[in-house]
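Asks: Pasting in a structure now, in structure tokens, and then I'll have a few things to ask.
Just so it is clear, none of the values below were taken in a lab; they were calculated from the coordinates. Since we're looking at a predicted model, the values are computed, not measured. FYI the Cβ positions are ideal-geometry reconstructions off the backbone, even for glycines, and counts take in every protein chain you see.
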Amino acid sequence: MVDAVALAAVAARISELGFTPNRVAALGDNLILLINLAGSAWLYALFLRGGRAFGGLENWQIAYLPVYSVWAALVAIVFPPLFNYA
């Protein structure tokens, strides 16, 4: 819930004040986090109801780590030329 509020706040700032590297990085990070948390919540609920083993949640978390790495690489490599930073 808190991530959805943060995502809405970042989106509102971008719509009002325009794009900056920090706002776009925060927006992307919050989107990635929201997807991760939603998937985790779903798998955890399935585990609690007895429909799935806990390993499914563990595998989801481990498989999602490269998404954060790719986003960090994009921010570090693509953002400077995209936003004309040296």
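Asks: Under 4 °C and 1.567 mPa s, how fast does the chain diffuse according to Stokes-Einstein, given a Kirkwood radius computed over C-alpha pairs? Answer in µm²/s, whole number.
Replies: The Stokes-Einstein estimate is 89 µm²/s.
Asks: Within 10 Å of each residue's Cβ, count the other Cβ atoms and sort Glu16, Glu58 from fewest upward.
Replies: Neighbour counts put them in this order, fewest first: Glu16, Glu58.
Asks: Next question, about the same structure. If we sort 60-71, 30-41 on the protection proxy, mean other Cβ atoms within 10 Å, highest first, what's the order?
Replies: Packing proxy ranking, top to bottom: 30-41, 60-71.
Asks: Which listed residue (Ser15, Leu57, Ala4) has the Cα farthest towards the positive end of the charge dipole for the chain, taking +1 on Lys and Arg C-beta and -1 on Asp and Glu C-beta about the Cα centre?
Replies: So the residue furthest toward the plus end is Leu57.
Asks: ³J(HN,Hα) across the range 39-48 via Karplus (A = 6.51, B = -1.76, C = 1.60, θ = phi - 60°), whole Hz, x for Gly/Pro?
Replies: Whole-Hz 3J(HN,Hα) from phi for the range 39-48: x, 5, 4, 4, 5, 5, 5, 4, 5, 5.
Asks: Relative to the longest principal axis of the C-alpha atoms of the chain, give the angle of the C-alpha long axis of helix 2-17, reported between 0 and 90° and rounded to the nearest 10°.
Replies: Around 20 degrees separate the two axes.
Asks: With +1 on each Lys and Arg Cβ and -1 on each Asp and Glu Cβ, and nothing else charged, work out how big the dipole of the range 2-82 is about its Cα centre, in Debye to the nearest 20.
Replies: Magnitude of the dipole: close to 120 debye.
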